[in-house]
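Structure, as C-alpha cells:
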Amino acid sequence: MTPEEFRSAGHELIDWLADLRTSVPDRPVLAQVDPGQVAGEFSAEPPQGTQSFGQLMAELDSVVVPGLTQTLHPMHFGWFPSNAALSSVLGDIACSGISALGISWESNPSLTEVEQVTCDWMRQLIGLSDQWEGSIQDTASTACLVSMLVARERASGLAQNTGGTQAITQPLVVYTTAQAHSSVAKAALLAGFGWDNVRKVETDPATYAMIPAALEQAIERDLAAGNKPAAIVAAVGTTGTTAIDPVAAIVAIAQRHDCFVHVDAAMAGSVMLLPEYRHLWDGIEGVDAISWNPHKWMGTILDCSLLYFRDIALVEEIMATNPSYLRSNADGAVPQLRDRGIPLGRRFRALKLLFHLRLDGIESIKNRLRRDLENAQWLLQRVEASEHWEVCAPVPLQTICVRHRPDGLSGPELDEHTLAWVGRINQSGAAYLTPSILDGEWMVRVSIGVEATEREHVEALWELMQSACNTR
Ligand SMILES: *Cc1c(COP(=O)(O)O)cnc(C)c1O
C-alpha cells in the first residue's frame with residue numbers, strides 16, 4: 001500500500017469508525033452471536049490474492065461487527081468501564097502510523113521521553129510525590145508480575161545472580177486476600193512463589209478489605225515457621241466490590257517486616273485524579289509499587305497501564321539487559337524503558353495519553369468521573385429504599401453489588417433467581433451486568449462509568465432490573 005492509497009483508505013476508515021461509534025447505542029450490548037459463529041464466516045484456508053478496501057470493510061460490517069460486545073454502550077454496566085476516548089484512539093492511530101521501534105532510547109528518543117513526561121504528568125495528576133518513577137505497561141496483570149519479580153529478587157538478595165529460584169531454600173511468601181484480582185495469584189505463581197506460599201489474608205466481613213491484624217498474624221506465623229515474608233499485594237478497589245485495603249496500616253506492618261508492598265489500583269486509580277478521594281489510599285507514599293489503568297474508567301484506550309516504583313534503580317538492576325547491539329553513547333545519561341519491565345520492543349503508547357490529555361483535557365475527565373460517582377449514589381439510594389432488594393457491599397466508588405431476595409428465597413434457589421433475572425437482561429441485549437459470587441452467593445455487580453452513560457441510562461437500568469425481577 002502506498003502512502004496515497006493509505007490516505008484515501010484511512011479517511012474511509014475514520015468515517016467508518018465514526019459511524020460505528022454513532023451507532024453504538026442502537027446495537028445490542030452483548031454480542032448476539034453463538035460460539036464459533038464469527039470464525040465460521042471465514043474460510044479455513046488462508047486468502048489468496050487481494051480484495052478491495054471496500055470489500056474488506058463490507059466483511060467487517062457483515063462478519064466482525066455483529067461479534068462486537070458493545071462495552072462503550074451507555075447501557076453497559078458489566079465488568080468495569082473500559083472506556084476508549086476517541087481522542088486517545090487518535091493517539092493510538094498516531095502510535096501505529098508513526099510505527100516507532102522502542103527498544104532503546106536511541107531507537108526512538110521521542111518515544112522514551114514522551115513516555116517519561118506523560119507518566120510524570122499522570123503521577124502529579126493522581127497526587128503522588130516526585131519519588132515515583134513510572135512506565136507504561138500493557139496491562140495491570142503484567143505490572144503485577146513485574147512487581148512480584150522485583151519483590152522476589154529483593155527478598156532473596158538477588159537470587160537471580162546465583163542459583164535463582166532453584167537455590168532459594170527459605171520459602172518466600174506473598175500476602176493478598178481472596179478479594180484480590182485473579183492476576184495477583186497468577187503473578188505470584190509465575191514469579192515462582194508457588195501456591196503454598198500465597199496467603200489469602202482474612203477480610204472484614206462488612207467491607208471486604210484486608211484486616212491488618214490478620215496480616216500481622218499471618219506474617220508472624222510464617223516467621224515462626226521459618227518462612228520469609230516477601231510481598232504484600234494490597235488492592236485499592238477490588239474487582240468484586242471495589243473494596244479498599246487499608247494502605248497505611250499495611251505499610252506500617254510491611255515496614256516492621258521488611259516486606260515489599262504492591263498496590264493494585266487498576267480500576268480505582270482513576271478516582272485519585274479527584275483530590276477528594278485520595279484519603280482512600282492514605283499511606284500510599286510508603287508502598288513500593290503502584291499500578292493503575294488509565295485504560296479503564298479514565299478512558300485512555302487499552303492498552304495503557306501505569307506502573308510506578310519508588311526504587312527504580314532496584315527494578316533496573318533486576319530487569320537490565322545490555323546486549324552489545326543496543327549500546328550507545330547515550331547510555332547512562334538516559335533511561336532504557338526496557339529495563340523497567342519484561343518486553344524489549346515497546347509501542348509509542350504515551351501518545352494515547354498525550355492525545356487524551358491535550359484534546360479532552362483533565363477537567364472534563366474529572367467531571368465525568370464525578371458524574372459517575374453521583375450516578376452510583378443515586379442507584380444506591382434506590383436499591384436501599386426498595387423492598388426485597390439489598391446492597392451487598394459498601395459503595396466507595398462507582399460499583400454497586402446487589403441482590404434481589406424475594407420472600408423465603410435463599411441458598412441455591414436464590415442463586416437460580418439471581419442468575420435468571422440478570423441472564424434475562426443480558427441476553428436481551430438491552431443492558432449488560434456482571435453476575436459474580438460474594439460470600440458463596442451469586443450477586444450482581446452494576447459497574448457505572450461508561451463515557452456515554454448519563455443519569456437517564458442508570459434510571460432505565462433500574463427500571464429494567466425491577467421488571468426483570470417482576471417487582472414492577
Ligand atoms: C482490571 C483489573 C486488573 C487486571 O487488569 P488488566 O489490565 O486487564 O490486566 C487487576 N486488578 C484489578 C483490581 C482490576 O480491576
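The values are calculated or read from the model by the stated rules, or taken from the named source; none is laboratory data. As the structure is a computational prediction, the values presented were derived from the model and not from experiment. Backbone-built Cβ (ideal geometry, glycine too); neighbour counts: all protein chains shown. Please note that ligands, DNA and RNA were not included when accessible areas were found on the heavy atoms of the full protein model with its side chains. Shrake-Rupley method; radii C 1.70, N 1.55, O 1.52, S 1.80 Å.
Quick notes on this structure:
- The solvent-accessible area of K228, taken with every protein chain present and a 1.4 Å probe, is close to 60 Å².
- Segment 5-96 shape via C-alpha gyration tensor axes, a/c threshold 1.5: oblate
- Distance between segment 317-367 and segment 122-186 - C-alpha centres, whole angstrom: 19 Å
- About its Cα centre, the dipole of the chain is roughly 540 debye, where the only charges are +1 on Lys and Arg Cβ and -1 on Asp and Glu Cβ.
- Each residue, E45 and S110, gets one label point 7 Å from its Cα in the Cβ direction; the gap between the two is 4.4 nm.
- Among the cysteines of the chain, those whose beta-carbon sits 4.7 Å or more from every other cysteine beta-carbon are C95, C119, C144, C259, C304, C469.
- Relative contact order (percent, whole number), the chain, Cα cutoff 8 Å, 6+ residue spacing: 22 percent
- Total formal charge among the other residues, if their Cβ is under 15 angstrom from that of A243, Lys/Arg +1 and Asp/Glu -1: -3
- Taking all protein chains together, S410, S436 sort by accessible area into S410, S436, largest first [probe 1.4 Å].
- Across segment 76-84, computed HN-Hα scalar couplings (Karplus, 6.51 cos²θ - 1.76 cosθ + 1.60, θ = phi - 60°) run 8, 10, x, 5, 7, x, 10, 6, 8 Hz from first to last residue, x flagging Gly and Pro.
- FRET efficiency, 1/(1 + (r/R0)^6) with R0 35 Å, evaluated for A452 and F53 via beta carbons: 0.75
- Surface accessible to a 1.4 Å probe, W389 within the full protein complex, Å²: 20 Å²
- Gain upon complete extension [V38, V117; 0.36 nm per residue less C-alpha separation]: 24.3 nm
- Cα-centred dipole magnitude for segment 93-360, charges only on beta-carbon of K, R (+1) and D, E (-1), debye, nearest 20: 540 debye
- Going by accessible surface with a 1.4 Å probe and the largest first, Y208, Y277 read Y277, Y208.
- Cα shape, segment 93-360, gyration tensor, a/c 1.5 rule: oblate
- Per-pair calculated FRET efficiency, R0 = 30 Å: A420 and H11 via Cβ, rounded to 0.05: 0.05
- Gain in span if fully extended, N161 to A18, counting 0.36 nm per residue against the direct Cα distance: 46.3 nm
- Label-point gap, in nm, between E387 and S96 - each point 7 angstrom along Cα→Cβ: 5.5 nm
- Note on the chain: helix-only mean residue ellipticity at 222 nm, from DSSP H runs of 4+ residues weighted -39500 (n - 2.57) and normalised by residue number, equals -12000 deg cm²/dmol.
- 30 Å Cα-Cα threshold exceeded, pairs from K200/K296; K200/K352; K186/K296; K186/K352: K200/K352
- Evaluated at q = 0.25, 0.26 Å⁻¹: base-10 log I(q)/I(0), Debye formula over Cα of segment 70-127: -1.03, -1.04
- With a Förster radius of 22 Å applied to the C-beta separation of R371 and E459, the computed FRET efficiency comes to 0.95.
- Cα centroid separation, segment 3-54 to segment 60-76 (Å): 11 Å
- Between the exposed loop cleavage positions of the chain, defined as GluC sites (Glu not before Pro) in a non-H, G, I, E, B DSSP state with at most 14 neighbouring beta-carbon atoms within 10 angstrom, the longest gap is 42-386.
- Taking R27, R358 and ordering them by how much accessible surface each has at a 1.4 Å probe, largest first, produces R358, R27.
- Gyration tensor (alpha-carbon) shape descriptor, segment 146-285, a/c threshold 1.5: prolate
- For segment 110-172, size of Cβ-based charge dipole, Lys and Arg +1, Asp and Glu -1, in debye: 360 debye
- Solvent exposure of the chain, expressed per residue, is 44 Å² of accessible area, with all protein chains present and a 1.4 angstrom probe.
- Amide H partners (placed H, <5 Å) of T177, local residues excluded: V201
- The orientation-averaged projection of the convex hull spanning the C-alpha atoms of the chain amounts to 25.8 square nanometres.
- Only aspartates and glutamates eight or more places from K228 in sequence, or on another chain, were considered; those with a Cα closer than 17 Å are E153, D196, E216, E220, D258.
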